[in-house]
Each structure stands twice: as structure tokens, then as C-alpha cells.
Amino acid sequence: MSANILVLPGSLRLASHNRKLAAEATRMLALSDAVVTRLDLADYPLPLYDGDHEQDNGIPENAVLLAHRIAVQDGLLLVSPEYNHSIPAVLKNAIDWASRVRKVQGRPVQPFKGLVVGLASASPGRFGGARGLEALRLVMRALGAEVLTQQCSVADAANGFDENGRLSDDIARTSLESLVDKLLDTSRSLSRRG
Ligand code: FNR
């Protein structure tokens, strides 16, 4: 059975290195039989999480849509920058809202439970955003996701892509290809759709 895979960049910036990395991963995934979707958090604007907002107004429609998009996947590739060694607020906020969604169209959902999650990052710095992925790993585990041990971090990302947005370094490309292969294999074998 082919796998459903979602690619989600954690940056809103138009020239984002992580969006470029997510685009590269999407191209690699598209070479397989997987059904691949790439989401942009800019298309799902959300207020900052506030329990009063949730109580008074319910969960925002965009959070429900996001949770639904995630719930129908076998695998998720998060491609995120590291901010102060941790998760960018925009991504954490989206995850927090999506984790509050318990029902979609009247049916119970746990968007992240059993989801196979791969982690990737890019940074102009020398650690490639790897420390932020550790924070993301904790959050995904807390939500019951099956987080792959393998991850991919692209250091010196300002010089890491050519003018077409393609990875210019063979080692980085091989690392991403290997992560994508692992995500595909594991998502097929642990598919949540039976
Ligand atoms: C950063 N950046 C950064 N980089 C890094 O390697 N480690 C870090 O801890 C941080 N911290 C950090 C905090 C904040 C608030 C900002 C705005 C930036 C730099 C970051 O990696 C760089 O801006 C990337 O280009 C952001 O990713 P995108 O938007 O290019 O995908």
C-alpha cells in the first residue's frame, strides 16, 4: 500500500532555507508511490493559543482543518528552523492548536497518535538546527507519534542551495534522501489506515 505523507515547513519566510529543504524532500517523495502533500502554515493562520479563546469561541476552523490534514497521513516530515535552540513559535502554536482537536466531522481523532514523524532542519549556523529538532522530538513523542531516530540537519544553509533551490551539497542531499526513504518505509509498515 502506498503511504500518505505530509511535508510541513516550520517557517513562514518566503526565502526560507527550511521551505527550500521541504521542497527538496517533496520532490524526493514524489519519485515514490506515496501520496505527498506539502502544507504551508501561512495558509492556516491561527491566533496564539489561549484557553479562554478555546472555551469561548471553540477551536479555530484552521486548527480543525490542519488536524484533519494531519490525521489522514501515515507520515509527517517536519522541516523546521531552530529558534534559540528550540521550536519556532509559529510551528509550536500550530501543533498546540491541532493537539486540541479531538473530533473532525463528528469522528474522534488524535492527529499525531501513531503518526510516523521525520525531522529535518536547515540553519545558516554550524549545527544546522539540530538542537531545535530535539525539542520537536520531545513534543511529538508527548503526542504519541512514532518519531524516527534518524534526522537531517543542513548546516551553512545560506550556501546550501543553488539558484533553483536545489541542495548543492552531496552529503546533505544523501542525508535527506536517506531520511525520506526511512520515512517512506516506516510509514508504509506502520500505516494507520490498516
Ligand atoms: C534564529 N536563528 C538561529 N539559528 C540557529 O542555528 N540556532 C538558533 O538557536 C537560532 N536562533 C534564532 C532565533 C530567532 C528568534 C531567529 C529569528 C533566528 C537563525 C535561523 O536559523 C535563521 O534565521 C534561519 O534562516 C531561519 O530559518 P528559515 O526561515 O530560513 O527557514
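For (1) assigned to a strand (DSSP E or B); (2) modelled with pLDDT of 95 or more; (3) near the ligand (Cβ under 9 Å from one of its atoms), each residue gets a yes or a no:
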site: V117; (1), (2), (3): yes, yes, no
site: S121; (1), (2), (3): yes, yes, yes
site: P124; (1), (2), (3): no, yes, yes
site: G128; (1), (2), (3): no, yes, yes
site: R141; (1), (2), (3): no, yes, no
site: L148; (1), (2), (3): yes, yes, no
site: C152; (1), (2), (3): yes, yes, no
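Count of segment 157-194 residues, restricted to those that are among the charged types (D, E, K, R) and either closer than 17 Å to L133 by Cβ or assigned to a strand (DSSP E or B) (or both), is 1. Examine segment 41-51 for a residue that is under 18 Å from C152 (Cα atoms) and either within 16 Å of the ligand (Cβ to nearest atom) or among the hydroxyl-bearing types (S, T, Y) (or both), and state whether such a residue exists. Checking segment 41-51: not a single residue is under 18 Å from C152 (Cα atoms) and either within 16 Å of the ligand (Cβ to nearest atom) or among the hydroxyl-bearing types (S, T, Y) (or both). I70 satisfies every condition listed in (1) in contact with a helix residue (DSSP H, G or I) (Cβ under 7 Å, 6 or more places away or on another chain); (2) over 24 Å from D181 (Cα atoms); (3) not in a loop (DSSP other than H, G, I, E, B) except (2). Taken together, G58, G106 contain a single residue that is more than 27 Å from A130 (Cβ to Cβ), out of contact with any His (no Cβ under 8 Å at 6 or more places or on another chain) and at pLDDT below 95, which is G106.
Tell me, which residue of segment 29-40 that is of a type outside the set (A, V, I, L, M, F, W, C) and part of a loop (DSSP other than H, G, I, E, B) is nearest to the ligand (Cβ to nearest atom)? It would help to see each step written out before you state the result.
Residues of segment 29-40 of a type outside the set (A, V, I, L, M, F, W, C): 32-33, 37-38, 40.
Next, from what is left, pick out any that are part of a loop (DSSP other than H, G, I, E, B): 32-33, 40.
Working: S32: 25, D33: 29, D40: 12 Å.
Here the residue is D40.
Any chance you could count how many residues in segment 85-109 are within 16 Å of the ligand (Cβ to nearest atom) and either more than 24 Å from L179 (Cβ to Cβ) or outside any loop (DSSP other than H, G, I, E, B) (or both)? Talk me through it step by step, then tell me what you get.
At the first step, the residues of segment 85-109 found to be within 16 Å of the ligand (Cβ to nearest atom) are 85-94.
If we keep only those that are either more than 24 Å from L179 (Cβ to Cβ) or outside any loop (DSSP other than H, G, I, E, B) (or both) too, we end up with 86, 89-94.
So the answer is 7.
Scanning segment 2-28 for residues that are more than 12 Å from the chain's Cα centre (by Cα), in a helix (DSSP H, G or I) and within 7 Å of the ligand (Cβ to nearest atom) yields a total of 1.
Selection over segment 170-181 of residues that are away from the ligand (no atom under 16 Å from the Cβ) and either surrounded by fewer than 18 Cβ atoms within 10 Å (Cβ to Cβ) or small (G, A, S) (or both) gives a count of 8. Scanning segment 1-53 for residues that are touching a residue at least 60 places away in the same chain (Cβ under 8 Å) and of a type outside the set (A, V, I, L, M) yields a total of 12.
The values are calculated or read from the model by the stated rules, or taken from the named source; none is laboratory data. All of these numbers come straight from a predicted model, not from anything done at the bench. Note that each Cβ is placed from the backbone with ideal geometry, even for glycine, and that neighbours are counted across all protein chains shown.
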